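See below for the structure under consideration.
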Amino acid sequence: MDDAQHPTEAAPDPLLAVEGLAASRGSVRAVRDVSLTVEAGQVHALLGPNGAGKTTTLDVVLGFCAADAGTVRVLGHDPATATGRRAIRREIGMVPQEGGHYPYLSVRETLEMHRGLRDRPRPLGEMLELAGLAHRAGRRVRSLSGGERRRLDLAVALAGYPRLLVLDEPTTGFDPAAREAMWEVIRGLAADGRGVLLTTHYLEEAQQLSGSVTVVAAGATVASGSSDGIARRLGLRSRIVLELPPDAPRLPPDLGPDVEADLEVAGDGHRLEALAADPAPLLAVLAAWSRSVGHPLDGLEVRPPSLEDSYRVLTATKDGER
Ligand SMILES: Nc1ncnc2c1ncn2[C@@H]1O[C@H](COP(=O)(O)OP(=O)(O)OP(=O)(O)O)[C@@H](O)[C@H]1O
Ligand SMILES: [Mg+2]
């Protein structure tokens with residue numbers, strides 16, 4: 001199930017390691033078997049349908065919810081112990097799924113309060129800048145828009161210099177520009193050697209940001225690794241489409257034995273659609289055909305399987321079981 005991620009002797013411990021986690025909310029077994037790791041310098045996305053157990057997993061990591069089974073190590077500490085929780089909360093930055101702030105404090109006052117809780121506080125101006133809130137510093141929290149409140153949540157998470165950031169749907173309610181600005185901040189944090197664990201329902205966002213993802217469904221990890229690796233293991237194939245103009249020569253109905261693809265030539269020899277695990281042999285044959293007839297392949301499209309394609313396959317079966 002995992003990509004080849006076997007640590008060598010020299011590899012440092014991951015910032016976060018969750019193995020075989022089970023956890024309950026009241027009488028509900030919200031998490032049954034979740035495993036994931038986050039390394040320094042990595043953005044890892046935790047994906048899954050509503051109610052899959054993402055927030056519960058993060059709550060265990062942060063020490064807000066007890067594990068029933070499994071092991072959890074956060075920056076080398078155990079969130080099940082009081083000393084572990086204290087150490088974790090000193091070194092971590094978090095954006096909860098639902099943030100809460102004192103409505104009558106200004107943005108500046110809110111951030112100053114959180115700076116006061118940190119051993120090594122980040123300068124206020126830097127926090128405002130990173131979260132895109134410099135123009136709202138004097139505003140009371142109650143008068144912020146939904147997206148601005150979400151930015152305040154991020155600013156608070158950056159009150160110190162956290163080695164690990166745990167962000168639960170951090171970009172929900174963001175306009176496209178704010179989302180891209182947030183991606184830049186997250187990339188910058190990872191480039192600086194920090195680890196980021198985030199949940200999101202925007203699969204495009206996960207694909208853009210995260211080198212690795214964990215997909216959970218009905219409380220259990222169903223896939224983990226890179227987006228490409230997951231698609232490969234699921235046997236998802238690239239889609240190749242070629243649309244030729246009406247005046248182009250016709251494609252032959254049979255492109256030869258070297259093409260390992262499910263393909264269909266239609267539209268009077270002017271449209272080709274194919275699914276192939278490796279598109280290269282088909283592309284080579286099409287390139288040779290193009291040269292021999294002297295017509296370009298302008299309308300050629302090759303689309304590798306996306307994270308969204310994998311996600312659909314992975315969560316369709318699990319959802320049906322619920
Ligand atoms: N306080 C609670 N009491 C009882 N059940 C709960 C409680 N909190 C969560 N649950 C249940 O636990 C399961 C997992 O919830 P969780 O919040 O971890 O899901 P999630 O993956 O974060 O979903 P979403 O994408 O909607 O945020 C759900 O079935 C949910 O209804
Ligand atoms: Mg949640």
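Set side by side, the residues Leu58, Leu75 differ, and just one is among the hydrophobic types (A, V, I, L, M, F, W, C) and in contact with a helix residue (DSSP H, G or I) (Cβ under 9 Å, 6 or more places away or on another chain), which is Leu75.
When Glu91 is tested against (1) within 13 Å of ligand 1 (Cβ to nearest atom); (2) in contact with a His (Cβ under 9 Å, 6 or more places away or on another chain); (3) modelled with pLDDT under 95, only condition (1) is not met.
Against the numbered list (1) farther than 14 Å from Val166 by Cβ; (2) modelled with pLDDT under 95, Thr71 comes up short only at (2). Exactly one residue out of Gly211, Gly225, Gly195, Gly188 is under 30 Å from Leu75 (Cβ atoms) and in contact with a helix residue (DSSP H, G or I) (Cβ under 8 Å, 6 or more places away or on another chain), and it is Gly225.
When segment 172-229 is limited to residues that are within 13 Å of ligand 1 (Cβ to nearest atom) and not hydrophobic (A, V, I, L, M, F, W, C), the one that is surrounded by the fewest Cβ atoms within 10 Å (Cβ to Cβ) turns out to be His201.
Considering only residues that are within 16 Å of ligand 2 (Cβ to nearest atom) and either farther than 15 Å from Ala22 by Cβ or touching a residue at least 40 places away in the same chain (Cβ under 8 Å) (or both), which ones fall in segment 57-95? Listed by number, the residues that qualify are Thr57, Leu58, Val60, Val61, Leu62, Phe64, Cys65, Met94, Val95.
The set of residues from segment 25-39 being crowded, with 16+ Cβ neighbours inside 10 Å and without any contact (Cβ under 8 Å) to a residue 60 or more places away in the chain comprises just one member, Thr37. Note on segment 184-200: residues that are within 9 Å of the chain's Cα centre (by Cα) and part of a helix (DSSP H, G or I) amount to 0.
Scanning segment 127-175 for residues that are among the small types (Gly, Ala, Ser), part of a helix (DSSP H, G or I) and free of Cβ contacts under 8 Å to residues at least 12 places away in the same chain gives Ala134, Ser143. Screening Ala137, Ala157 for residues that are in the same structural domain as Ser210 (by TED's automatic domain parsing), more than 16 Å from ligand 1 (Cβ to nearest atom), surrounded by 22 or more Cβ atoms within 10 Å (Cβ to Cβ) and at pLDDT below 95 leaves exactly one candidate, Ala157. Each residue in segment 96-120 was checked for being touching a residue at least 40 places away in the same chain (Cβ under 8 Å) and either within 16 Å of ligand 2 (Cβ to nearest atom) or buried (at least 17 other Cβ atoms within 10 Å of the Cβ) (or both), and 9 pass. Hey, does segment 10-22 have a residue that's over 13 Å from Thr214 (Cα atoms), over 16 Å from the mean Cα position of the chain (by Cα) and within 13 Å of ligand 2 (Cβ to nearest atom)? The answer is no; no qualifying residue exists. Just to verify a result, which residue in segment 236-263, among those that are in contact (Cβ under 8 Å) with a residue 60 or more places away in the chain and buried (at least 18 other Cβ atoms within 10 Å of the Cβ), is nearest to Leu300 (Cα to Cα)? Across segment 236-263, the extreme among qualifying residues is Ile240. Restricting attention to segment 41-96, the residues that are of a type in the set (Asp, Glu) and touching a Gly at 6+ places or on another chain (Cβ under 7 Å) add up to 1.
Evaluate the following for Thr81: is it over 29 Å from Leu144 (Cβ atoms), exposed (fewer than 15 other Cβ atoms within 10 Å of the Cβ) and within 25 Å of the chain's Cα centre (by Cα)? So Thr81 fails the test. Within segment 74-103, if we keep just the residues that are small (Gly, Ala, Ser) and in contact with a strand residue (DSSP E or B) (Cβ under 8 Å, 6 or more places away or on another chain), the residue that is nearest to Arg163 (Cα to Cα) turns out to be Gly93. When the test is whether a residue is buried (at least 21 other Cβ atoms within 10 Å of the Cβ), outside the structural domain of Gly93 (by TED's automatic domain parsing) and in contact with an Asp or Glu (Cβ under 9 Å, 6 or more places away or on another chain), Ala266 does not pass it. Applying the criterion of at least 3 residues that are over 23 Å from the mean Cα position of the chain (by Cα), at pLDDT 90 or above and over 30 Å from Ala22 (Cα atoms) to the strands (runs of 3 or more DSSP E) found wholly in segment 201-300 leaves 238-243, 271-276.
The values are calculated or read from the model by the stated rules, or taken from the named source; none is laboratory data. All figures in this text were calculated on a predicted structure; none of them were measured in a lab. Positions of Cβ are backbone-derived with ideal geometry, glycine not excepted, and every protein chain shown enters the neighbour counts.
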